[in-house]
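These notes are about the structure you will find just below.
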Amino acid sequence: MAQFDTIIKGGVVFDGTQAPRFVGDIGIKEGFITEIDREGNLDPAFAVNVIDAEGMHVCPGFVDLHTHYDAQIQWDPYATLSGWHGVTSIAIGNCGFGFAPIAPELRERAMLMMSRVEAIPFESMKLGMNWDWETFPEWLDHLERIPLGINVLSYVPISPIMITVMGLEDAKNREPTKDEIAEMCRLLEEGLDAGGCGWSVQRLGKASAQRDYDGTPMVTDEMSDDLCLAFAEVLARREEGAIQLTQTGGLRFVEKLAQVADKPILYNAVQSHDKVPGSFRKIMGWLHRTRARGNENIWGMAIFNGNEEYFSFDEYNLLDGSRAWRTVTLGTVEERITAMQDPTNRQYLRNQFDAGKIPSITGPVEDYKIDKTFLSKNKKYEGKYVSEVAEAEGKHVIDALLDLIISEDLKTIFWHRSFNEHPGYNKEILDADFTIPGVSDGGAHTKFITAGKYPTEFLINMVRRDGMISLEEAHYRLSAMPAQCAGFKDRGTLVEGAPADILVYDYHNLKITPERPEVVHDFPGNAWRLVQYAEGYRYIMVNGTVTFKDGECTDATPGQLLRFGKASNQPATNWQVADA
């Protein structure tokens, strides 16, 4: 019997603990790291497979804490884009959104909800989801049955719990009764008992930019502080768990929530703004102060990847935070066009524009760049900004925009530049020892963004290009730090006895390709999405098995459901085996 299934030989090892790098060997057996030799003396003869990592960097697989792969993981075992970019473990069920618990008669409504709030293609969900669960424990059982090319940990989302107990309309429009709160807490406890890693919620208020299919705020957007605290008390009685919280305002309440739960809070999100630095400094200032007050369990989930978007108005949902734009962006394409032609709606939008009210997610409307048109008469505008079209046609910016997209049945594709790339501002966020890179939103907004590439972009930009952070610290932030905060047990570091989630990569030739996103039709129903791949990851290994080699998928599915942050199989108690 061979002593090792695989030896990774002679790589520059970053173990994820912030310790200095070293050149050495890693021995793997039955999915676990069984030996790390800092002298590089592991004998290749004792291994079934040997990976020559000379000149390569070896590090823990990345841990992506903010994804919405709940639907996609059922037809894409590798959770791409994340799986292409070195992510070996993900958390799903973020923002309080998910598909369990759920009654069969509410399945279609739940998919419609997710088609708006997270822009997941509705037809792909209808074709690609195999509904064989109702309760949250049954949902985890479902995840355990399907092939996985990546490890999956799930929060218990609060929205489906509220809808199950109160009904959709009541959950949005009234406070729960005492008995209803008790039942919701019971369902939460049931989900946590089954292996949920904590609970998640979005609380963005009446002005929420992430809305339901009908344009109303999500169920949890206006939930009361008292109900949040009731859920926090459930977590306080347990030894494990975390809260993923997407919220604006109410920052002192977040401190109270952390104190009551006595568990980590992953606060979403911290992001610089090139033109409005005060916005992120307010959040960062609060995080510094609250941790100084002893609330060291509050962590800032930070967005460092460029926030550019490609979008068209036949499906776009990220203007939903603006009441004016909601008047023309809800409903079918025909209904939207009719609303855009209405003089009253146009005047409303012009007034908002003239008052300088900028959509917070996309930036100024005049800075939308026309990426692709579909009528020959409009080809002359490709590559130009809406402001340039308005000037050429002698129109108000709003009229120029609406007239153009109406002429093309709202299919015109726009692009807006990133506005979170100021290196000084990003360094302010990165210099804090409580910020975690991430918020990929993987599996969501698939026609607008490719943020699942964030680990590769982080290494290329923050480390290699700008030198803002050492590689030792970068691999801690991308792997061990998120794993520890969210409750991924034994993941995120390269230590003996840990699961072998390992990357072997060519640091100097790491690259995102193509340079701009491309369209692929690889979702159920031939639905399309935007993708960007990675070059430079020589081997991506999940639980000791290679899933991607030089960007090519091996079709292996060694990923595991992580209940309570840990897989059901455990390393052997004695790693001494016979020599080969």
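Observations
- Per residue, the convex hull spanned by the Cα atoms of the range 422-467 measures out at 85 cubic angstrom.
- A simple count of charges around N420, restricted to other residues whose Cβ falls under 11 Å of its Cβ and scoring Lys, Arg +1 and Asp, Glu -1, yields -1.
- Extension reserve of the R186-H521 stretch, reckoned as 0.36 nm per residue once the Cα distance is removed: 116.4 nm
- For peptides 246-256, 475-485, 11-21, sequence by mean Cβ density within 10 Å, most packed first: 475-485, 11-21, 246-256
- Partner lysines for K489 [C-alpha distance under 28 Å; skip if fewer than 8 residues away on the same chain]: K9, K29, K256, K263, K453, K549, K566
- Computed label-point distance, nm, for sites E123 and S568 using a 7 Å Cα→Cβ extension: 3.7
- For the range 370-422, applying the loop criterion from DSSP together with a ceiling of 15 other beta carbons within 10 Å to the chymotrypsin sites (Phe, Trp or Tyr not before Pro) yields F374.
- Peptide ranges 351-357, 81-87, 302-308 listed from the most packed, as the mean C-beta count within 10 angstrom indicates: 81-87, 302-308, 351-357
- Once the Cα-Cα distance is subtracted from the 0.36 nm per residue extended length, the D193 to D403 segment shows a gain of 70.1 nm.
- Normalising the Debye intensity of the range 310-416 to I(0), with uniform scatterers on Cα atoms only, and taking log10 at q = 0.19 Å⁻¹ returns -0.94.
- Cut-off 13 Å, label 7 Å out along Cα→Cβ of E105, residues of the range 146-167 by amide N: 167
- Pairwise FRET efficiency - V23 versus A355, Cβ, R0 = 51 Å, nearest 0.05: 0.25
- Within the chain, helix-based [θ] at 222 nm, where runs of 4 or more DSSP H residues each add -39,500 (n - 2.57), nearest 500: -8500 deg cm²/dmol
- Amide H within-cut-off set for E35, under 5 Å, with H built and near neighbours excluded: G27
- Positive contributions from Lys and Arg (+1) and negative ones from Asp and Glu (-1), summed over other residues with Cβ under 12 Å from the Cβ of A110, come out at -2.
- Order of Y505, Y69 under a 10 Å beta carbon neighbour criterion, fewest first: Y505, Y69
- Ranking of W199, W131 by neighbouring Cβ atoms within 10 Å, starting from the fewest: W131, W199.
- The range 353-386 versus the range 60-95: alpha-carbon centroid distance in Å: 32
- Pairs of Lys in the range 306-399 closer than 24 Å at Cα, counting only those 8 or more apart or on different chains: 15
- Other residues lying with their Cβ under 12 Å from the Cβ of I90 contribute a combined charge of -4, Lys and Arg counting +1, Asp and Glu -1.
- Stretching the chain fully between F253 and K380 yields a gain of 40.5 nm (0.36 nm per residue, less the alpha carbon separation).
- Counting only aspartates and glutamates at least 8 places from K172 when in the same chain, those with an alpha carbon closer than 12 Å to its own are D212, D221, E222.
- Calculated Rg/Rh (Cα atoms, Kirkwood Rh) (choose from (i) 1.05; (ii) 0.97; (iii) 0.94), label: (ii)
- q = 0.13, 0.14, 0.21, 0.24 Å⁻¹, the range 14-123: log10 I(q)/I(0) [Debye, one scatterer per Cα]: -0.68, -0.74, -1.17, -1.40
- Label-to-label distance, nm, for residues given as D371 and T554 (7 Å Cα→Cβ offset): 3.4
- Assuming charge only on the beta carbon of Lys and Arg (+1) and of Asp and Glu (-1), the dipole of the chain about its Cα centre is about 1500 debye to the nearest 20.
- Of the peptides 333-346, 23-36, the ranking by mean beta-carbon count within 10 Å, highest at the top, reads 23-36, 333-346.
Any read-out appearing in this document is the output of simple, stated calculations on the displayed coordinates, not a laboratory observation. Quantities reported herein were computed from a predicted structural model and do not represent experimental measurements. Using ideal geometry, Cβ is built from the backbone for each residue, glycine included, and neighbour counts are taken over all protein chains shown.
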